[in-house]
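So the structure is just underneath, and the comments pick up after that.
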Amino acid sequence: MRYFRLLVLGNGISAYGSYLNMVALNVFVYDATGSALAAGLFMAVRLATSVVSGWVSGRLVSAYDRKRLMVGADLCQALALLTLLLAPDGLRVGLLYALAVVTGGCSTLSQVALRSSIPEIVGAEHRVRANGLLVTGRSLAMIAGFASSGVVVAQVGYSAAFALDAATFLVSATVLFLLPVRTKAAPAGTGSGESSDAARWTTRMLLGTAPVLMAMIAVRAVDGLGSSSHNVALPIYSSGLDPDHPATFISQFWATWAIGNIVAQQVIGRVTKRTGRTPGERAFALGACVMSAGFIVVFCGLPTVPAVLAALIAGAADGFTEIVYVSRLQAAPDEQRGRLFGLSASAENTGFGLGMLVSGALLETFSPLRVVAAFHGLAIVLCLGLLLLLLRRGGDDPGGQETAARDASKVAEGRA
């Protein structure tokens with residue numbers, strides 16, 4: 001853990017740049033083209049690239065040095081932003097879609113590589129605490145990025161915003177490059193046959209050998225649907241609450257959500273340290289149910305205090321489930337971990353992208369509460385199904401090590 005806090009700082013700075021350019025670029029596309037369709041296409045290209053990148057990233061982080069991949073991903077994003085910044089005005093619109101591909105692919109690659117590397121950087125026994133620190137850093141970066149994006153663009157313009165974005169990625173790449181950390185397990189000294197076997201570790205094999213992991217990934221995909229619904233519905237709902245100040249409730253919501261994330265990190269870190277046990281699959285399913293229920297309650301038209309309290313609970317449950325989920329996947333053997341996180345990234349991005357399209361269309365006809373309740377209700381149903389599966393299997397492996405070892409053994413038998 002000695003160097004990990006510096007890594008969290010660098011990752012937080014990079015995340016701040018990502019959230020800042022998410023807002024600045026979307027607004028710039030609309031301003032430059034005057035077309036809502038062009039802005040929507042930009043977001044669609046970025047999301048589609050993220051989905052495809054999940055599959056590719058899993059293979060890359062299994063085959064190559066993860067630290068170099070993360071540094072390269074940050075440098076590519078910085079270079080792409082600087083290219084846009086220096087390009088003549090007439091070429092900027094065309095470059096935007098290339099930038100969407102670069103940022104979508106590189107951000108997913110960086111996420112998959114980092115999540116896969118945590119057990120090797122801090123040790124498997126410290127992975128829950130490390131994941132909590134990353135969740136906290138990213139939550140703070142999200143609030144800072146969203147809160148400052150409007151001010152940065154309004155006060156200093158798009159060029160300064162792009163330059164600041166590029167600088168955050170350069171800082172992150174520098175921190176990663178200088179840190180003396182190992183991101184990949186030492187080679188076991190086996191022949192090329194094992195590498196070939198790892199390459200055949202496919203989704204179909206996972207369905208037959210690790211049904212609980214696949215169910216958890218499915219829950220995260222449906223959580224992506226739910227997340228997209230409340231993201232799209234929030235501005236509409238907030239405008240209905242206070243047409244003169246539509247940003248007020250949105251700011252309260254995200255600030256409270258972030259506080260809940262940080263509280264969850266603190267609680268789960270202390271509980272894990274005191275008990276030596278990591279919450280397992282049942283805790284993940286229960287936490288996801290609480291999270292979805294909390295988001296539904298937020299849109300029920302309650303007074304401000306109860307609504308903010310619901311957002312706090314939803315944020316805490318969101319942070320808790322993410323930490324438990326990522327820690328569970330990290331219990332898998334290193335040679336399988338990259339592909340597992342690549343599959344997870346593709347599933348989550350697919351759910352989020354599909355949810356953005358469907359929820360946006362539904363909100364033309366239905367109220368924010370109905371749309372959010374439908375999407376998050378689906379997540380609750382799937383979580384209850386996962387709980388039933390776990391009850392039928394019996395027991396719960398808190399840290400995931402025994403289940404991961406059993407799944408690895410089944411995968412090995414399936415290759416034979």
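The values are calculated or read from the model by the stated rules, or taken from the named source; none is laboratory data. Small disclaimer: the values here were computed from a predicted structure and weren't measured. Positions of Cβ are backbone-derived with ideal geometry, glycine not excepted, and every protein chain shown enters the neighbour counts. What goes into the accessible areas is simple: the full protein's heavy atoms, side chains included, and nothing from ligands, DNA or RNA. Shrake-Rupley method; radii C 1.70, N 1.55, O 1.52, S 1.80 Å.
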| Exposure rank, largest accessible area first [Leu312, Leu9, Leu387, Leu25; 1.4 Å] | Leu9, Leu312, Leu387, Leu25
| request: Using the Karplus curve 6.51 cos²θ - 1.76 cosθ + 1.60 with θ = phi - 60°, work out ³J(HN,Hα) for each residue of the range 237-244 in order, rounded to whole Hz, and write x for Gly and Pro. | output: 5, 5, 5, x, 6, 8, x, 7
| Simple label model, 7 Å out from Cα along Cβ direction - Asp31 to Arg393, nm | 5.0 nm
| remark: Expressed in square angstrom to the nearest 10, the accessible area of Met22 with a 1.4 Å probe stands at 70 Å²
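Need one word for the range 22-156: rounded, prolate or oblate. Basis is the Cα gyration tensor (sqrt eigenvalues a ≥ b ≥ c); a/c below 1.5 gives rounded, then a/b vs b/c decides. Could you put the intermediate results ahead of the total?
Details: a/c = 2.36, a/b = 1.65, b/c = 1.43.
In terms of gyration-tensor shape, prolate.
Using helices alone, what [θ] at 222 nm do you get for the chain, with -39,500 (n - 2.57) per DSSP H run of 4 or more residues, divided over all residues and rounded to the nearest 500?
Values: 14 runs with 355 residues, N = 416.
Mean residue ellipticity at 222 nm (helix-derived): -30500 deg cm²/dmol.
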| query | Accessible surface of Thr183 in the full protein assembly, 1.4 angstrom probe, to the nearest 10 Å²? | reply | 10 Å²
| remark: Heads up, the range 77-164 by the C-alpha gyration tensor (a ≥ b ≥ c square roots of eigenvalues; a/c under 1.5 rounded, else a/b over b/c prolate, else oblate) looks oblate
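Where does each of His376, His245 land when they are ordered by accessible area, with a 1.4 Å probe and the largest first? Please report the intermediate quantities before stating the final value.
Values: His376 0, His245 110 Å².
My answer, sorted largest first, is His245, His376.
Using alpha-carbon pairs under 8 Å, 6+ residues apart, how would you state the relative contact order of the chain in percent?
Details: 620 pairs, mean separation 108.4, N = 416.
26 percent.
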| What are the ³J(HN,Hα) values, in whole Hz, obtained from phi via the Karplus relation 6.51 cos²θ - 1.76 cosθ + 1.60 with θ = phi - 60°, for each residue of the range 13-26 in sequence order, with x given for Gly and Pro? | 5, 4, 5, 4, x, 5, 5, 5, 6, 4, 6, 4, 5, 4
| field | Potential lengthening between Leu6 and Ser239 on full extension [0.36 nm per residue; Cα-Cα distance subtracted] | value | 79.9 nm
| query | Short version: ³J(HN,Hα) in whole Hz for each residue of the range 68-73, in order, from phi by Karplus 6.51 cos²θ - 1.76 cosθ + 1.60 (θ = phi - 60°), x for Gly and Pro, what are they? | reply | 5, 5, 5, 4, x, 5
| note | For the Phe366, Gln252 Cβ pair and Förster radius 22 Å, calculated FRET efficiency rounded to 0.05 is 0.35
| remark: Expressed in square angstrom to the nearest 10, the accessible area of Thr174 with a 1.4 Å probe stands at 70 Å²
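Which order do Leu86, Leu133, Leu354 take by accessible area at a 1.4 Å probe, largest first?
On the way: Leu86 145, Leu133 40, Leu354 95 Å².
The ordering from most to least exposed comes out as Leu86, Leu354, Leu133.
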| task | For the range 356-377 and the range 1-68, write down the distance between their C-alpha centroids in whole Å. | result | 26 Å
